[in-house]
Every structure is written in structure tokens, then in C-alpha cells.
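Okay, so here's the structure we're looking at.
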Amino acid sequence: MTIAIFLGALLGAMALGIPIAFALLATGVALMWHLELFDAQILAQNVINGADSFPLLAIPFFMLAGEIMNVGGLSRRIVNLALTLVGPVKGGLGYVTIMAAVLLSALSGSAVADAAALTALLLPMMVQAGHDKARSGGLIAASGVIGPVIPPSIGFVIFGVAANVSISKLFLAGIAPGLMLGAALWCTWWWLGRYEKIATGPRTSRAQVLKALRESTWALMLPAIILVGLRLGVFTPTEAAVVAAVYALFVSTVVYRELKLRQLHAIFVMAAKTTSVIMLLIAAAMVSAWLITVAELPGKVIALLEPFMGNPTLLLMAIMVLVMIVGTAMDMTPTILILTPVLMPVVKAAGIDPVYFGVLFIINNAIGLITPPVGTVLNVVAGVGRMRMDDVTRGVLPFMAAQLAVMFLLVLFPALVTTPARWFSD
């Protein structure tokens, strides 16, 4: 009955068009009434406690760093480097998109920010070169969702806080799977473009490559600083976010000199607006998370999944399918916040490594960003690229299928995640 009330209240509120943060609060109130625990002070206290977390400070600073990078020229120089390296080969602009997405993922950690930047910079060039616009938009959308997987990742920060799992370990464990997602896109783009008659770009000289590499060195140093700092324990993920924001600001204003002081106000306002949306979601979700624990919902879910508990692979398959279904109707952040407190006890009871599960969970949620009908990244690409949503959806399907294949491959072979994670952390 408790599960029915939880799902009924949440889905009912969403069906009425209530914003997801307030839908979560309404769900919490419904559970409180059902459990005869309703108290406005408890509700307010859980909302405040939900946002009162030191690790969550990483979110506004990573958001700020991403905004500064896009305005300050770091993102453009990363794309230019990829253009000089692989642009001249057949279908080179597609490979440029994938390379740039992987590099940008190590800078911002936001799928929406990466997809918007790549669409604005590369989609017109791909269309002008003769590539199908729908397929090009689909590749950009699929490349954008690598952002939440390769560190630094806002998704890992939220999951780490909600699941009480080391964010540093999640960051380091996400590197290899993120590169695998990029490799899957690379192979898919090659397969789809084998018979395309696309003119190759002009060959680049060694001097041009060296110039692009020199200009992008300051941008490329940022992920290196973050990963080395986390690996050596110099700073925490939250402190890494501050380092990223300060470094991006320094490079944009002092080195590249593309960011003017008058632009800072707009950048800070944009980062604050995006952060406020995420933090309200987190605060509202913590009410439901507390009530999920009080109502012993995880125990009920464990009982429902009892047939799978003896086989971790089958259990993970079932969970991944569940998350995929939820991802078609819900954005990444609320999905993480709602499902994490329900699924983590199940995962621990089955003896599955929480860090390994966290990587799979975030990959699944990232792919959900390009899953229609909600598909936040699809909407971003369609809006920035001035395309119909149907066209972007059609173009993204083969790339989404490749990424889903990688995800289920990681389910079948956990060592693909755990072994590289040990290499990076040891």
C-alpha cells in the first residue's frame, strides 16, 4: 500500500503538470498522512537538511566553471584542437564532435552545457559539409551525455551524496566507461557514414596542429589538475569544483582575455539560476528519501526483487531496465534522488559494489537525457540547432542503441569498470 501511495502521489502530481520539485514535496506530504506522521516542522527540517551538505557545494562551482569556459573561449579551443587532429579525414566533423565531447566532459560535467556548446559550434559546420542534419544533431546529443560520466560529474556528486558513496571513487571509476561510450559513438558514426559522399576537409599542417595544441594547453590542463589532485588527495571533489571555477576564470580573463568583467554578472546569474533548480530538487527529494526509510520501502522492494537476489547480473539487468523506463519520463536529477534511496539497500543486500553500481546508474540516467519524450538534451539540441524534435529523435536512435549496448556490456562484465577504477585509484 505504501509503494502504491508513493507512486500514485508522484505520478499523479506529475500528470497534473506540477513542477517535479513540488511534486516530490506533495509525495512527501502524502506519505506523511499515510504514516500518520504529518508535521510541518519535520517537513521544513528535512527540506533544509537536504540542501545543507558540504559536498553539494561542488554543484554551483562546477556550473560556474562550465559557464565561464563557454564564454571565455576554453570550449572553442578544445573544438578547434579536435578539428585540426581529425577534421581532414572522411566524416571528420563527426569524430571532432566525439573528441570534443570527451574533452569538454572533463571540463564541465554537464550534459546540457556540453550539448549546447557543441550544437552551436559544430552543427552548422556539419550541415554545410553535407552531413544529414538529423543524424548530426543525434550524434551531438549522444556525445553530450558523456558529460555526466567522465569526471568531474554533477551526477556523481548528487548520487554520492544521496547514496553516501565516495565521490572521488565515483569520479575515478567513471573515466574508462566514459571513454567506452565515446568509442561506441566513434564506431557507430563510422558504420553509418561508410557510404556517405562527403568531401573531406583541407589537410592540416604540423604547424597548424602545434598551434591548436598550444592554444588549448591551458584548457587541457584543467582536467589534469582535477584528476591528479583527486588522485593524490590534494583536494576533495568540492574543493576541485572551486579550483575549476577559479582556474577557468583566470585563464578566460588573464590568459585568453576573452571574458570581460562586464560579462561576469550575467555568468554568475546564469550559474545561480541553474544551481537553484537543482538544489530545490535535492532539498525536496530529501523529504521523500527520509519517508522512504521510515516506511521501510527498501525492504518491500527487496522482497519484490527476491527472485533476482541470488544472481547479481540478473538483478542489475532488472534494475537497469527499470531505470531506463523511468528515464523516458523523468529528468536525470530527480531520477537519481528518487531511486537512489530505494535501490541502494537492494544493491548492498545483493553484495554489489556501490561504486560500480553508481557508474552504471549514472550512465543509465545520462542515456535517459536523450530518451524521448522528455529527453532534456534532445530538447537543447533541437532548440539551439533550430530542428524539429522528431528529427533529432530519429537521428539519435542508432547512437543511443550503441550506448545502451555499452551499458549492458558493463553489466555482464563488471571488470570493465572495476579494474580500470583500481588502476586510477591505487
Amide proton proximity set for Asp132, modelled H, under 5 Å, gap of 5+: none
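Got a sec? How would Lys211, Lys260 order by Cβ neighbour count within 10 Å, fewest to most? Walk me through the numbers before you get to the answer.
Numbers: Lys211 15, Lys260 11.
Listed from fewest to most nearby Cβ atoms, that is Lys260, Lys211.
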Nearest 10 degrees, 0 to 90: helix 415-425 Cα axis against the chain principal axis: 80
Per-residue ³J(HN,Hα) for segment 91-101, Karplus 6.51 cos²θ - 1.76 cosθ + 1.60, θ = phi - 60°, Hz, x for Gly and Pro: x, x, 5, x, 5, 4, 4, 5, 4, 5, 5
Highest average packing first - 19-26, 228-235, Cβ atoms within 10 Å: 19-26, 228-235
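Taking 45 Å as R0, compute the FRET efficiency from the Cβ-Cβ separation of Asn311 and Phe54 and round it to 0.05.
Step by step, r from the Cβ atoms, then E = 0.75.
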Using alpha-carbon coordinates, inclination of helix 389-412 to the longest axis of the chain, degrees: 70
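Given +1 on the Cβ of Lys and Arg, -1 on the Cβ of Asp and Glu, and no further charges, what dipole in debye does the chain carry about its Cα centre, rounded to the nearest 20? Could you put the intermediate results ahead of the total?
Working: 23 positive and 17 negative charges, 349 e Å.
Computed about the Cα centre, the dipole is about 1680 debye.
May I have the count of lysine pairs in the chain with C-alpha atoms under 23 Å apart, counting pairs 8 or more residues apart or located on different chains?
Details: Lys90/Lys133; Lys90/Lys197; Lys90/Lys211; Lys133/Lys197; Lys169/Lys348; Lys260/Lys273; Lys300/Lys348.
Lysine pairs meeting the criterion: 7.
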Acute angle (nearest 10 degrees) that the helix 206-232 long axis makes with the longest principal axis of the chain, alpha-carbon atoms: 20
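Quote the relative contact order of segment 39-425 in percent (integer), defining contacts as alpha-carbon pairs under 8 Å separated by 6+ residues.
Numbers: 611 pairs, mean separation 109.5, N = 387.
Relative CO of segment 39-425 lands at 28 percent.
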Top positive-direction residue, dipole computed over segment 39-425 with Cβ charges, set Ala129, Val347, Phe361: Ala129
Whole-Hz couplings from phi, Karplus 6.51/-1.76/1.60, listed for segment 64-72; x for Gly and Pro: 4, 4, x, 5, 5, 4, 5, 7, x
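Readers should treat all values here as calculations from the given coordinates under stated rules, not as data from a laboratory. Quick caveat, the model's predicted, so the values are computed rather than measured. Counting neighbours? That spans all protein chains shown, and the Cβs are built from the backbone with ideal geometry, glycine included.
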